[in-house]
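Notes follow the structure.
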Amino acid sequence: MEGGHFGYSRDYLDRFVQSQDSSVVNKFQQKYWKTKQTLIKVTGKKEDEHVVASDADLDAKLEVFHSIQRTCMELLKVIEQYQRRICFLSQEENELGRFLRSQGSQDKTRAGKIMQATGKALCFSSQQRLALRNPLCRLYQEVETFRYRAISDTWLTVNRMEQSRTEYRGALLWMKDVSQELDPDTHKQMEKFRKVQAQVRTTKTSFDKLKTDVCQKVDLLGASRCNLLSHVLTTYQQRQKMERKLRPQMTSA
């Protein structure tokens, strides 16, 4: 059965099959160079200094992001420890305060009055110390929510950017390899070079977009964390100031 019977020439079909084969080979080569770039990154081999320098601003933003990520986890651990120690100290203060009040009530001398006053102050201090848990719990919840939502969202964008960067740098390696064997007088080699060049442009466009997204999100993340801590810690600071003002009054009572 002739191919022309269906409105297609044999040459057209041959070119179509050839283009399909070329597409498969092209995809295979893309994966090869992407994998090679991944291995270079994993093994820590030296990369082109000009390519690395072009991402200096991005890498600086990534350091800021990882710092925010790390310090938020550390802050959550510190808040947990602080809450446990506040509870322990409050319990000890309360028990000592009750003991002094009990012993002071049995002593009719001036020492007994001092013990009762001290015991009363310790019990009050114990209650005020426990009151610090409310703003601390709120701080913990806010930071945890910030970590789960804002940091996680930025982390996903960073991962997509890193994949795109690997593809882009892999395409650069591919183009460098092709250019070393390039003969301007050979049509097939020039065509191959142009295809690789187009691949470099495509991956660079994708990488540049994600690079901008990451930089913007990290800037927003840093500003959001500052606003979060400033807002939430205000309640905690007010509670501490109130405790400091009331403690001398209870001691002298």
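Here, each number is a calculation from the coordinates, and none is a lab measurement. Treat the numbers as computed from the prediction; the structure is a model and nothing was measured. Every residue, glycine among them, receives a Cβ derived from its backbone with ideal geometry; neighbour counts consider all protein chains shown.
Before moving on, here are some points about what is shown:
- Annotation: of all residues in region 207-223 being crowded, with 17+ Cβ neighbours inside 10 Å and not basic (Lys, Arg), the one that is farthest from residue 55 (Cα to Cα) is 221.
- Criterion (of a type in the set (S, T, N, Q), surrounded by fewer than 19 Cβ atoms within 10 Å (Cβ to Cβ) and more than 30 Å from residue 79 (Cβ to Cβ)) met by exactly one of 199, 189: 189
- As a summary of the residue check, residue 118 satisfies the conditions (1) farther than 30 Å from residue 27 by Cα; (2) within 36 Å of the chain's Cα centre (by Cα); (3) not small (Gly, Ala, Ser) except for the one numbered (2).
- Complete set of residues in region 35-49 that are part of a helix (DSSP H, G or I), closer than 12 Å to residue 172 by Cα and over 25 Å from the mean Cα position of the chain (by Cα): 36
- For region 131-168, taking the residues that are without any contact (Cβ under 8 Å) to a residue 60 or more places away in the chain and touching a Ser or Thr at 6+ places or on another chain (Cβ under 7 Å), the one that is surrounded by the most Cβ atoms within 10 Å (Cβ to Cβ) is identified as 168.
- From 78, 64, residue being in a helix (DSSP H, G or I), without any contact (Cβ under 8 Å) to a residue 24 or more places away in the chain and within 20 Å of residue 146 (Cα to Cα): 78
- Residue match in region 98-108 (condition: at positive phi, of a type outside the set (Ser, Thr, Tyr), surrounded by fewer than 13 Cβ atoms within 10 Å (Cβ to Cβ) and free of Cβ contacts under 8 Å to residues at least 24 places away in the same chain): no
- Residue match in region 175-183 (condition: closer than 28 Å to residue 67 by Cβ and touching a helix residue (DSSP H, G or I) at 6+ places or on another chain (Cβ under 7 Å)): no
- Test result for residue 153, within 30 Å of residue 29 (Cα to Cα), part of a helix (DSSP H, G or I) and charged (D, E, K, R): no
- Number of residues in region 41-59 that are without any contact (Cβ under 8 Å) to a residue 40 or more places away in the chain and surrounded by 12 or more Cβ atoms within 10 Å (Cβ to Cβ) equals 1.
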